[in-house]
Amino acid sequence: MMPENKECSMPRKPLSERSWYPNYVLAILLLAYIFSFIDRQILSLMVVPIRRDLGISDFQMSLLQGTAFALLYSVMALPIARLADAYSRRTIISSGIALWSIMTISCGLARSYGTLFLARVGVGVGEAALSPAAYSLLSDYFSKQRLARAVAIYSLGISLGSGLAYLAGGLLMEAVSKISVIELPLLGAMKPWQAVFIIVGLPGLLIALLMAYVGEPERRGALHDPSGQTQKLKMRETLRFLLTRWRLYLVFPIATGFLGIFSFGLMAWYPTFLIRTFGMSIGESGTYFGLTYLFVGTLGTYFGARIAESLQKKYPDIHIRFVMISALVMIVPGVLGPLMPSAPLALAMLIPTIFLKCSYYGSTGTAMQLVTPNQMRAQVSALQIFFGNIIGLAVGASSIAALNDFVFHDDNSIHYSLALVAGASCLGGVLLLASCLKPYAKALAETKSTEEGTNAPIDEKGAKQKAACSIAMAET
């Protein structure tokens, strides 16, 4: 008889508790985020052919880039996040990925401006399910010391996805644009830009399947009742918590929304600026902008998070302060870039602009997670997404187009529009962020004291209801 193998007889840890598993989950979330930005940004490279085939203006095109996507993306993020704070985040994310991928494919099937607009709305609804639930998952898979880095790696999806959208999309458009009509099985005759939508939408269905089998971790950092049980907060209790801290939970999302005006405007119109001002082809514009975004944006996101992480012990409020300083410095290259007299100089100014723009992604995603109870984390992320997109995505793309169409009355004045929007939006964001420093310091102190069991006040005046004295945020 063979001796019993005690090691083999020991119960195996659940997947979600194995040391390598958080990184595996992070990799899938990153892959999903990359394709969310590919599906979102690919439209920006196809302004010329879509305008020509559908007979629309810059402003109508901007509605497809911004408003159509942001319309329900922003609104639906809030109720979806409420579900994510109570139910399976894995299922919510997987369903969202499948939905936006199907709707991206539907963009390729659109034959009119109206149907393309509705398909873009559908893409936004699907993508609304990703980030709030993803941030909540990451806060449970990674410690506070590693969270900023994990969020930064997840945020690489912005630079990697956008870069690949412009780079691969530009090359793909160059390849298929030589064919006036493309015949696809079952779908019939299609324009090149329609085929591109279908091609980039298909991989998301596989990612949705991978996400469906990710483990759901134990929730940490929740509010507990006197008996030690995790509280189930009603909507009014969540609202009361946030409203008593409105100087942070309202002003910070609005501040990042102002920065989003510049960010989304840059991504939506800088390739078109290169085409109109310097006579680049779609392929050239996509390659130059895509490579810059891919490499410089990735470096900015990673090193920005490492810098903030290294300073976190010395400066507890570094995540707010870092965003503010980066945005302030970004004003100079952001304004000067579109005003440069040659393409090489315009691309050279794009390098520091994109580096700085991406450097604070880890901090914007981490800041609120560090001071928010688990039961509200997805909802707070959704609130940030709501303002970031209602202000940033909707206004960013459309403000530049509106200046072109209604102020300058000239498509070729896009360089002035980009410069004006960059200066105004970044300055506004910096001023709002400066007003968040004191409320954030107070929130950090409150979080620390509740973790130590000293029951910090939960309202602005420092008065706490006696009945709530036993509530504490416990880090398990």
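The values are calculated or read from the model by the stated rules, or taken from the named source; none is laboratory data. Note that the structure is predicted; figures quoted are calculated from it, not measured. Neighbour counts run over all protein chains shown; Cβ positions are idealised from the backbone, glycine included. What goes into the accessible areas is simple: the full protein's heavy atoms, side chains included, and nothing from ligands, DNA or RNA. Shrake-Rupley method; radii C 1.70, N 1.55, O 1.52, S 1.80 Å.
Which links in 234/448; 357/442; 144/357; 313/438; 313/442 stretch past 19 Å when you go from one Cα to the other? The pairs that break the limit, which is 19 Å between Cα atoms, are 234/448; 357/442; 144/357. Placing 280, 330 in order of accessible area, with the largest value first and a 1.4 Å probe, yields 280, 330. Annotation: the range 109-179 has a Kirkwood hydrodynamic radius of 15.1 angstrom, from the mean reciprocal C-alpha pair distance.
Going by accessible area, probe 1.4 Å, with all protein chains left in place, what is the ranking of 57, 74, largest first?
Working: 57 40, 74 0 Å².
Solvent-accessible surface, decreasing: 57, 74.
Give, rounded to the nearest 20 debye, the magnitude of the charge dipole that the chain has about its Cα centre when Lys and Arg contribute +1 at Cβ and Asp and Glu contribute -1 at Cβ.
On the way: 38 positive and 27 negative charges, 207 e Å.
Approximately 1000 debye in magnitude.
Computed with a 1.4 Å probe over protein heavy atoms only, the accessible area of residue 284 comes to about 90 Å². Normalise the Debye intensity by I(0) for the range 359-426, one equal point scatterer per Cα, no solvent, then take log10 at q = 0.24 Å⁻¹ and round to two decimals. Evaluating at q = 0.24 Å⁻¹ gives log10 I(q)/I(0) of -0.99.
Using a probe of 1.4 angstrom and keeping all protein chains present, the accessible surface of the chain works out to 42 square angstrom per residue.
Hey, what number do you get for the chain at 222 nm if only DSSP H runs of n ≥ 4 count, each worth -39500 (n - 2.57), divided across all residues, to the nearest 500? Can you show the working numbers first?
Numbers: 22 runs with 323 residues, N = 476.
-22000 deg cm²/dmol, from helical runs alone.
The figure for residue 315 is an accessible area of roughly 100 square angstrom, using a 1.4 Å probe on the protein chains alone. With equal scatterers on the alpha carbons only and no solvent term, can you work out the Debye log10 of I(q)/I(0) for the range 194-325 at 0.11, 0.18, 0.19 1/Å? Rounded to two decimals, the profile gives -0.81, -1.26, -1.25.
The listed residues 251, 25, once ranked by accessible area (1.4 Å probe) with the largest placed first, stand as 251, 25.
The heavy atoms of residue 298 offer some 30 square angstrom of accessible surface to a 1.4 angstrom probe.
Of the residues 289, 279, 204, the one whose Cα sits farthest towards the positive end of the charge dipole of the range 203-355 is 204 (charges of +1 on Lys and Arg Cβ, -1 on Asp and Glu Cβ, taken about the Cα centre). Once you reduce the range 286-361 and the range 73-99 to the center of their Cα atoms, the two points are 30 Å from each other.
Just to be sure I follow the definition: excluding the sites themselves, where is the longest run in the chain that has none of the trypsin sites (Lys or Arg not before Pro) in a DSSP loop with at most 11 other Cβ atoms within 10 Å? The partial results should precede the final answer.
Values: sites that count: 12, 178, 234, 313, 314, 461.
Within the chain, the longest run free of exposed trypsin sites (Lys or Arg not before Pro) spans 13-177.
Here the range 302-351 is described by how far its Cα atoms reach on the three principal axes: 44, 18, 9 Å, from widest to narrowest. Around the Cα centre of the range 132-208, unit charges on the Cβ atoms of Lys, Arg, Asp and Glu (plus for the first two, minus for the last two) sum to a dipole of about 260 debye.
If one computes P(r) from the Cα atoms of the range 264-405, what percent of pairs lie at distances over 28 Å? Here the long-distance tail beyond 28 Å is 26 percent of all Cα pairs in the range 264-405. The angle separating the long axis of helix 282-311 from the principal Cα axis of greatest extent in the chain is about 20 degrees. Karplus-derived 3J(HN,Hα) values for the range 417-430, using 6.51 cos²θ - 1.76 cosθ + 1.60 with θ = phi - 60°, are 4, 4, 5, 4, 5, 4, x, 5, 6, 5, 4, x, x, 4 Hz; glycine and proline are entered as x. With 20 Å bins beginning at zero, the pair-distance distribution over Cα atoms of the chain amounts to 25, 55, 19, 2, 0 %. Distance distribution note for the range 155-217: the fraction of Cα pairs above 21 angstrom is 40%.
Using only C-alpha positions, report the orientation-averaged shadow area of the convex hull of the range 53-171, nm², one decimal. Please report the intermediate quantities before stating the final value.
Details: hull surface 33.8 nm².
Taking the Cα atoms of the range 53-171, their convex hull projects to 8.4 nm² on average.
Specify the angular offset, from 0 to 90 degrees and rounded to the nearest 10, of the alpha carbon long axis of helix 343-359 from the longest principal axis of the alpha carbons in the chain. So the inclination is approximately 20 degrees. Quick one: Kirkwood hydrodynamic radius for the range 22-97, alpha-carbon pairs, angstrom, one decimal? About 14.7 Å, per the Kirkwood formula over Cα pairs.
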